[in-house]
Amino acid sequence: MGACYLAWATDEKIRDRAANGGFVTAVLVAALEKDLLDAVIVVKKEDVYEGIPTVTSDPETVVECAGSLHAAPINLTRFVVEFYKDERNKGKKIGLPAKPCDARGIIEQAKRQQLDINDVYLVGLNCGGTLHPLGLREAAAEIYGIDPDAVVKEEIKAGKLFLSLQSGEERECKMDELEERGYGRRDSCKMCTTKIPTMADLACGNWGVPKGEEATFVEVLTEKGEALFRNALENGYIEVKEAPEESLEVRERIKNAMVKRAEEWWQKLDVVRELTRDERLKFYVETLKLCIHCGACRIVCPVCACGDAAKCVSMHDERDDYVISMYNMIRLLHLMDSCIGCGQCEDVCPVDIPLTLIHRRFAERMQRKLNYTPGMSVEEKPPFYEAELRWHDIL
Ligand SMILES: Cc1cc2nc3c(=O)[nH]c(=O)nc-3n(C[C@H](O)[C@H](O)[C@H](O)COP(=O)(O)OP(=O)(O)OC[C@H]3O[C@@H](n4cnc5c(N)ncnc54)[C@H](O)[C@@H]3O)c2cc1C
């Protein structure tokens, strides 16, 4: 475990806008102003239901983007990859707030030589999960009894989702209740067991912050994280104190409870678990047969690094008569070692194929066989050629 602190921005404007103590924003602003970073990617609030990934070198824009958007389930990996596709950005240093799925996607792309991880500063955010924007709109109307367009703020505190109106009125509902009624977090987030981004340079969150304190709980995990932290501290952008033992315990306890809950969700949502192998095969065929080969799942996939010349791209143009198309077969094979279960593919699928479930089933078995977890450090590449691939084991 890295050194742990309670930290907050010294700038009041940052603290006012921030999710917790404003540490993340202050660290990014300090890094830009003191030339530790050339650019950052932050998420701009359009409204409660939309966040727009924004690449900027302007500290004011970073301050404007403070705060957490739980209904903006974007993965920032491809924005980092796109940044480095521009030759003018080669060798530049970039920083970003990174949920565990952002951090893992970026590390997987580094392994595929799409970027140099030494140039990317991952300010990790703990993550209990994201909500689908349309699901939140429906919940606002159905559960909270309010006009979705009248919601000006959403917040998750102590297991409850709070929605605020322009008038200042605040309504609340327990997350568990929302989820029992089919709302709440996206399925991929409910099943996700990576809640603290220990693969990032810093891990920031509110778990472990004592009640009533306006601070961010920060774990410093790497030398890059230490550099960001020191730069902000020594230049007066943040104040810190060592995290008390009780804070460490509370954070660990909540994380463990969330991981346990995620495992329970996986048991519940894995609808093919009890089926025979033949029945499972039938399920995969029937659902993947719905595919219209639009290619959206590949475009949003944070770990796919094939590019436009990839074989599966031409496959989805040509179509074929296989029971499961070659496009889907190639994606299944490609993702078995590296799927991070982020659910981006399922979010964009126009025919609602349960892609998270299918990929996760295949990936879980393969990753166990390889003893590999995507998002492990860049040195720990998956041992591709040592794996003995037998469809029977995996189906
Ligand atoms: C979806 C989500 C779920 C979270 N769940 C938990 C949790 O269960 N437990 C916990 O301890 N902490 C959680 N966090 C982290 C917590 O909300 C704060 O972000 C963290 O404590 C840092 O606080 P801060 O005041 O220092 O951040 P700020 O200074 O407010 O900076 C937050 C940064 O996050 C960026 N951001 C906002 N929304 C997103 C998004 N959807 N994806 C990526 N970046 C975004 C903003 O642009 C900003 O740069 C979650 C954050 C997010 C985004």
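Values quoted throughout were computed directly from the atomic coordinates according to the rules given, and no laboratory measurement underlies them. Not measured: the values here are computed from a predicted model. Backbone-built Cβ (ideal geometry, glycine too); neighbour counts: all protein chains shown.
Okay, here's what the table says:
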quantity	calculated
Distance in nm between pseudo-label sites at E226 and A39 (7 Å out along the Cβ direction from Cα)	2.9
Calculated FRET value between E245 and E179, using beta carbons and R₀ = 35 Å, to 0.05	0.60
Prolate/oblate/rounded label for the stretch 16-108 (Cα gyration tensor, a/c 1.5)	oblate
Over the chain, relative contact order from alpha-carbon pairs under 8 Å, at least 6 apart, %	19
Entries in K157/K190; K160/K255; K99/K190; K93/K241; K45/K268; K34/K157 that, when Cα-Cα distance is taken, lie over 26 Å	K93/K241; K45/K268; K34/K157
Stretch gain in nm, segment V285-V152, where the contour uses 0.36 nm per residue and the Cα spacing is subtracted	43.6 nm
Inter-probe distance in nm under a simple model that places probes 7 Å from Cα toward Cβ, at L333 and R88	4.0
Longest DSSP-loop-exposure-free segment, trypsin sites (Lys or Arg not before Pro), the chain, at most 10 other Cβ within 10 Å	1-210
Interchain or long-range residues, amide H under 5 Å from K160's placed H	M175
In nm, spacing of pseudo-spin labels at K211 and I324 (7 Å Cα→C-beta vector)	5.0
Relative pair counts by distance (%), Cα atoms of the chain, 10 Å bins	5, 22, 32, 26, 12, 3, 0
Residue-wise HN-Hα coupling along the stretch 247-264, computed from phi with Karplus coefficients 6.51, -1.76, 1.60 (Hz; x: Gly, Pro)	4, 4, 5, 4, 4, 5, 5, 5, 4, 4, 5, 5, 5, 4, 4, 5, 5, 5
Cα-Cα separations in the stretch 100-144 greater than 18 Å, expressed as whole percent	51
Whole-number D in µm² s⁻¹ for the stretch 133-184, Kirkwood Cα-pair radius fed into Stokes-Einstein, 25 °C, 0.890 mPa s	227
Relative contact order (%) - criterion: Cα under 8 Å, at least six apart; region: the stretch 188-323	23
Longest segment of the chain lacking GluC sites (Glu not before Pro) that sit in a DSSP loop with at most 15 other Cβ atoms within 10 Å	1-168
With Cα atoms, 0 to 90° folded angle of helix 326-336 axis to the chain main axis	50
Cα lying deepest toward the dipole's positive end in the chain, options I94, Y237, V378, charges on Cβ	V378
Cα gyration tensor shape of the stretch 171-235, rounded if a/c is under 1.5, else prolate or oblate by comparing a/b with b/c	oblate
Cα gyration tensor shape of the stretch 1-70, rounded if a/c is under 1.5, else prolate or oblate by comparing a/b with b/c	oblate
Amide H within-cut-off set for A3, under 5 Å, with H built and near neighbours excluded	V220
Residues with amide H under 5 Å from that of G95, placed H, sequence gap 5 or more	A39, V40, I41, Y121
Table column - 3J(HN,Hα) (Hz), the stretch 147-152, Karplus curve with 6.51, -1.76, 1.60, x for Gly and Pro	6, x, 6, 8, 6, 10
Pairwise centroid distance, computed over Cα atoms, of the stretch 52-121 with the stretch 1-46, Å	15
Hull volume in cubic angstrom per residue (convex hull over the Cα atoms of the stretch 130-247)	152
0 to 90° range, to nearest 10: angle between helix 277-288 axis and the chain longest Cα axis	70
Semi-axis lengths (Å, descending) of the ellipsoid that matches the C-alpha gyration tensor of the stretch 45-188	33, 17, 12
Two-decimal Rg/Rh across the stretch 215-301, once Rg and the Kirkwood Rh are taken from alpha-carbon atoms	1.25
The stretch 47-58 - phi-based ³J(HN,Hα) in whole Hz, Karplus 6.51/-1.76/1.60, Gly and Pro as x	7, 4, 9, 8, x, 10, x, 10, 8, 8, 10, 9
Label-zone membership for the stretch 56-75, site E12, 7 angstrom Cα→C-beta point, backbone N under 20 Å	60, 63-67
